[in-house]
Structure formats: structure tokens, C-alpha cells
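Worksheet for the structure shown next.
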Amino acid sequence: MGRDENARKRLTRSSPQWAVIAVLAVAGLCSSFMFTLVVPIQTQLPELLNASRDDTAWVVTSTLLAAAVTTPIAGRLGDMYGKRRIVLVLLAVLVLGSVIAALSTGIGSMIVGRTLQGAVVGVVPLGVSILRDVLHEKRVDSAIALISATLGVGGALGLPVSALVSQYSDWHVLFWIAGGLGAVVFVLVLLVVPVSVLRTPGRFDFVGAAGLAIGLIGVLLAVSRGNTWGWLSPLTLSLGIGGVLVLLVWGWYELRIDDPLLDLRVAARRPVLLTNLASVAMGFALFASNVVYPQILELPVETGSGFGLSLLAASLVVMPSGLVMMVLSPISGRLARTIGPRVLLVAGAISLIAAYGFTLLFASEVWHLVIANILIGFGIGFGYAAMPMLIMRSVPPSETGASNGLNALARSLGTSTAAAIVGVVLASMSTVQNGSQVPTPEAFQVSFLLGGGAAVVALVLALFIPTRSVEKHPSLP
């Protein structure tokens, strides 16, 4: 402990701790903003890029795939070569991708740009790991809660910004703003965040990285595109089954080498495993709300399913969830030190159950959905703050980057699964009105049940997470 404390003192000598926290929080906001960046123009992409709707779907899918694949790999690279260095690399990739997308006039360059933008999501788990390295232990929990909250805050606050820009300016401006934001954050990280001296020795597992990437891409493509291609089509089945088989072989390989990409023995510890499984469920519950609430708010009143709001107005109704997350972040850290992060995760799951339960009973007025989104904010604010704390208490310092990356991957699996399953429900339970398919009120009810069910799963898993911290015993197998 003495050696780690001396390392922290050397790391924070040049920059005040509040500045480090603030810069990493801005980096987290920047990364989560990338997922709502194209929401205002998503339905217009076929016309803007002169491409089919199936092709323009890759503008979103490519970002999802890049985020899922890059995050655990970036975490391991951060443990080995310095977390700050990898954060800078990811931000540089974001700037490059934003410039490519801003200059694009066709679908190919847009997909390349969006893929590069997706890589920046890795800065959030890396930022959480940096906090453990540089902060005094009494400030770590509150800082982690703040960085974790940016995953929801950036999306909720970024959506109205994207809607305003796309409504009053050329759509390319969205990507110039993203590139400029990435450049500013790059400079701030370079100037403020200290270089970490805590490194994990060994060689980088290139074979493991390739295997994980191939397996994840196969599974996520099958999940995210199965509804379009057909769930029983040869392409979907081959990608899904092939991806699972590759991941099984990858796991066998990782357990038999000296310097694995991810230490699966650490990942199999009960607190880590249950936290990651709960993260999948929480990710599902969050993204189900992101898919369903905006659609209800924007669908025309005459369809019998919506409120007829503009995108900007709908985003303002959803925005309170992000504001609640932001306000909760310092409170979550103090609560975690008092009652423990597991209780925080339980409270988050209960709040999500309450949000979906409330919507099932009351969804006839816009203010009903405002209340539901406030409850969503409490749920995700508490849940997302608790999960990295549980991970950090259960892994040694040398594994924080990779373990937080794996936890972020678990959330990504939850969000992608929610997008696929809720998408199937809304598409299959729909009627044709004015030449387009419109989800029925029953479809939204089923979607709320799915979101609430995922929150119940997260609650049950959280109740079984051990309360004893292993942070002081990193040598435990």
C-alpha cells in the first residue's frame, strides 16, 4: 500500500485532483455523445448519402461494433503501456474519424468515420482506472461515480444539441463539432492528466485480441442485423454460431498462456462475474428506454401510439434522466462508501423497475414520461456508478484497465441485445398507416415489460454479489 500511495503522490504532483477528474469527465461526455450524434439525421441518411436503408444502418452498427471490440483491448493496452497514452490514442482516432465523416459524401467514407468514432468509448473505463491510480482512496468512489454517469449524461444532453444543429445547419457540422470537441479534450488530457507509472509487465496478446474481435463481431452482427437479414437466415446463423465458437476457442486459449488479453480467472471471480452479468441486464434496461420513449413521443397522435412531438421536444422530455445522473454522481460516491456499492446497484435496479412499472400504468400524458425518465436517471445513475466500484474492489491494480473494459463490454452486449429484441417487438407488432409501419400500443407495453424484466434480472444478480471486498487481497485466485 505504501508503494501505491507514493506512486499516487508522484502522479498528482503536477495537476490538482479536481482538474484530473473534470478532464476525464469531459472525455466521458465526449465519448457518449458519439452514440446520439446521428440520431436526428438517422431517418434521412438514405437520401443524404444516396444509399439504401440497409446500407445506412451500418452508420450505427459500425460504431457499436467498434466500441465493443475496442474497449476491452484498449483496457489491456492501458494496463501495459500507460492508460493516459491509450486515452490520447483513442481521442486522436475520434478526431480522425470525425474529419472523415465530416468530409464524406457517400456511405463508404461515412461508415469508416463512424467506426473510428466508436473507438473512443474506451476512454470511460480507462478514465475510471486512472482515477484509481491517481486519487486518494477517500475521493475515488465519488470520482468514479461521476465518470460512470457520463455514459448516460452525454447521450441525454447531447441529443438536444444534435437536434438543434441538424435542424438549423448542414448535417456535416455535427461531425465538425465532434472533431473539435475531441481535439479540445485531447489537449486537456495531454496538459492535465498525469502519466501513470503503474504498468503491467508482459507481452501484448495479439492472437487473443484478434480472436476476441472476430468472435464479438460475429455475435454482435448476428444480434444487431438479425431482424433485417432474418433470424434463421444462413448469414445470421453462421455469424452467430461462428462467433460463439470463436469465443469458446478464445477462452480456452486465454486460460493457457502466460500473458492473456483478459485474465479469465479474475473475470470468473464471483463478484466480478455477477457484476458483469448485472451490467448486461442494466445495459438492456437503459437502451430499451432509449429506443421506446423517443418513439412514443415522436409518433403522430393520429396513430394512437404517440404524442406527435418534434425530435427537439422529445429530446427535452428525455433529458431529465441525464440531469438526474449528473446530480447523483457525487451523492453516489458518498453513499457507496457508507452503504456499499452493492446496495447502490440494488437501489438502481429497483428504480428502473419502478420506472417501467409506472409507465405500464401511466403513459397517457407527456408528464408521465418525464417522471419515468427521472426514475430511469436514478436507476442508471446509481447502477452505473456502482458497477465499476464493485469491479475495482474485486481485482488487483494490474487488472483494472482490462477488467473495466470487460465490464464496459458487458454493458455494450446489453444495449445491442436490447436494440435487437425491442426492434423485433416493435416491428412485428405494428400496423401499416399512411404507407409506413407504426408500432401498436401493445408493442410498447411489451417493450416496457422487457425493460422491466431486465431490471428484475439485474436486481436478483445484485442481491447475490458478495459484500466482502477483495481489494486488499489482490493475490487471491
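The values are calculated or read from the model by the stated rules, or taken from the named source; none is laboratory data. It should be emphasised that the depicted structure is a prediction, and the values quoted were computed from it without experimental measurement. Backbone-built Cβ (ideal geometry, glycine too); neighbour counts: all protein chains shown. Protein only, heavy atoms only, side chains kept; ligands, DNA and RNA dropped before computing areas. Shrake-Rupley method; radii C 1.70, N 1.55, O 1.52, S 1.80 Å.
Things worth noting here:
- In order along the range 404-410, phi translates into HN-Hα couplings of 5, x, 5, 5, 5, 4, 4 Hz, rounded to whole numbers, per the Karplus curve 6.51 cos²θ - 1.76 cosθ + 1.60 with θ = phi - 60° and x for Gly and Pro.
- Distance between the modelled labels on residue 252 and residue 138, one decimal in nanometres: 5.2 nm (7 Å Cα→Cβ projection).
- Within the accessible area of the chain (1.4 Å probe), percent carbon and sulfur: 68
- Selection from 39, 17, 416 lying farthest towards where the dipole of the chain points positive, charges on Cβ: 17
- Residue 308 sits among other residues whose Cβ lies under 14 Å from its own Cβ, and their net charge, with Lys and Arg +1 and Asp and Glu -1, is -3.
- Loop-resident chymotrypsin sites (Phe, Trp or Tyr not before Pro) (DSSP state other than H, G, I, E or B) in the range 142-212 with no more than 15 further Cβ atoms inside 10 Å of their Cβ: 204.
- Amide hydrogen proximity for residue 431: with H placed 1.01 Å from N in the peptide plane, the residues at 5 or more positions away or on another chain lying under 5 Å are 438, 440.
- Shown here is the pair-distance distribution of the range 119-257: with all Cα-Cα distances grouped in 5 Å bins from zero up to the longest one, the shares run 2, 8, 10, 12, 12, 15, 16, 14, 8, 3, 1, 0 percent.
- Residues of the chain: accessible area per residue with a 1.4 Å probe, Å²: 40
- Principal semi-axes of the equivalent ellipsoid, √(5λ) from the alpha carbon gyration tensor of the range 312-448, are 33, 19, 12 Å from largest down.
- A simple rule links phi to the HN-Hα coupling: the Karplus curve 6.51 cos²θ - 1.76 cosθ + 1.60 with θ = phi - 60°, which for the range 296-306 gives 4, 5, 8, 4, x, 4, 5, 6, x, 10, x Hz, with x for Gly and Pro.
- Solvent-accessible area of residue 172 with every protein chain in place, 1.4 Å probe, in Å² to the nearest 10: 40
- For the range 137-255, the dipole from Cβ point charges (+1 on Lys and Arg, -1 on Asp and Glu) about the Cα centre works out to 100 debye, to the nearest 20.
- Residue-level accessible surface for residue 415, protein heavy atoms, 1.4 Å, Å²: 30
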